[in-house]
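First comes the structure, then the notes that go with it.
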Amino acid sequence: MSGSRPVFVNTMVYKEALDASTTVQADLVAEVLALGATGIEIRREYLSPGSAARHEELLTIAGRATEAGLDVYYSVPESLFVDGEASPLLTGYLEEAATLGALSVKLNIGEPRDEPTGTGSLAEALLAVSARVTIENDQTARNGRLDVVAALLRDLRAQNVPIGYTFDAGNWLWAGVDPVAAARELGRYATVFHLKDIDRLNGLHSVLLDEGDVDWRSVLGEIGTHVPVVLEYPIPDRATAASELAKVRRVLAEPTSD
């Protein structure tokens with residue numbers, strides 16, 4: 001593992017404040033900088049609902065991130081594939097990512113065809129944008145399955161469609177899959193790693209690292225050492241967030257076994 005690997009903070013870390021509307025994501029740029037992270041991942045669901053207001057908010061975040069020297073990712077909780085085709089809203093999401101200055105934009109897999117076709121036009125469209133598009137294994141019964149995700153990633157790679165993969169360690173538990181087993185099969189496709197721990201007692205829910213059932217160190221060991229790590233779970237306060245990020249940094253700094 002490498003201590004120089006980029007470590008991002010997804011604004012889900014500040015879920016309580018965002019849900020209570022006591023902060024906005026633009027103000028979290030300074031918080032993430034204070035933690036010593038490499039970058040920030042902005043969540044679309046916490047942006048202003050109107051298109052004009054959202055555009056201005058994206059511009060504000062982009063300006064503050066540039067001033068802070070932070071890289072930006074964009075998380076869009078919408079589907080890339082709708083009824084087997086690329087979402088008609090994809091262009092809009094990519095335009096928002098460009099306004100944000102995002103290096104990567106994540107979408108859910110959605111509903112790909114069992115045998116993907118017509119991906120040539122999608123490949124051409126994605127090659128024309130500056131952000132790297134990634135898909136994430138979601139928590140649905142169909143598209144959270146290991147075989148579905150593995151087949152889609154194989155097909156996309158075989159057809160040279162420039163889509164990356166955000167490996168979400170916690171989502172696999174919702175799908176009833178061991179995250180370590182999933183990482184061993186899909187780790188080679190990962191271009192972004194969403195890190196979280198999940199407790200299965202009293203219903204699945206996110207907890208601090210080492211307080212749940214995800215063997216996150218082993219999962220991390222199956223992911224390429226070049227892949228950025230993103231903390232993506234609610235954390236109650238700044239001191240705890242700093243401690244969590246430091247814990248990850250220590251693990252990343254450990255020498256590899258090869």
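Just a few scattered comments:
- Taking (1) at pLDDT 95 or above; (2) among the polar types (S, T, N, Q); (3) open to solvent by 10 Å² or more (accessible area, probe 1.4 Å); (4) under 30 Å from Leu208 (Cβ atoms) in turn, Asn10 satisfies each apart from (3).
- Residues satisfying the stated conditions in the stretch 43-61, i.e. of a type in the set (S, T, N, Q) and closer than 19 Å to Ala20 by Cβ: Ser48
- If the condition is being open to solvent by 30 Å² or more (accessible area, probe 1.4 Å) and either in a helix (DSSP H, G or I) or on the phi > 0 side of the Ramachandran plot (or both), then the stretch 69-87 contributes Gly69, Asp83.
- Subset tally (residues that are open to solvent by less than 40 Å² (accessible area, probe 1.4 Å) and either assigned to a helix (DSSP H, G or I) or in contact with a Phe, Trp or Tyr (Cβ under 6 Å, 6 or more places away or on another chain) (or both)) for the stretch 215-227: 5
- Residue within the stretch 213-220 that is in contact with a Gly (Cβ under 7 Å, 6 or more places away or on another chain) and not polar (S, T, N, Q) present: yes
- Which listed residue is buried (at least 21 other Cβ atoms within 10 Å of the Cβ) and touching a residue at least 24 places away in the same chain (Cβ under 8 Å), from Glu45, Glu41: Glu41
- Conditions (1) touching a His at 6+ places or on another chain (Cβ under 8 Å); (2) in a loop (DSSP other than H, G, I, E, B): number failed by Glu211: (1)
- Looking across Leu231, Leu208, one residue alone is open to solvent by less than 40 Å² (accessible area, probe 1.4 Å), over 18 Å from Ala182 (Cβ atoms) and in contact with a strand residue (DSSP E or B) (Cβ under 6 Å, 6 or more places away or on another chain). It is Leu231.
- The numbered conditions (1) without any contact (Cβ under 8 Å) to a residue 60 or more places away in the chain; (2) farther than 22 Å from Val133 by Cα; (3) open to solvent by 30 Å² or more (accessible area, probe 1.4 Å) are all true for Glu31 except (1).
The values are calculated or read from the model by the stated rules, or taken from the named source; none is laboratory data. It should be emphasised that the depicted structure is a prediction, and the values quoted were computed from it without experimental measurement. Using ideal geometry, Cβ is built from the backbone for each residue, glycine included, and neighbour counts are taken over all protein chains shown. Only protein heavy atoms, including side chains, enter the accessible area calculation; ligands, DNA and RNA are left aside. Shrake-Rupley method; radii C 1.70, N 1.55, O 1.52, S 1.80 Å.
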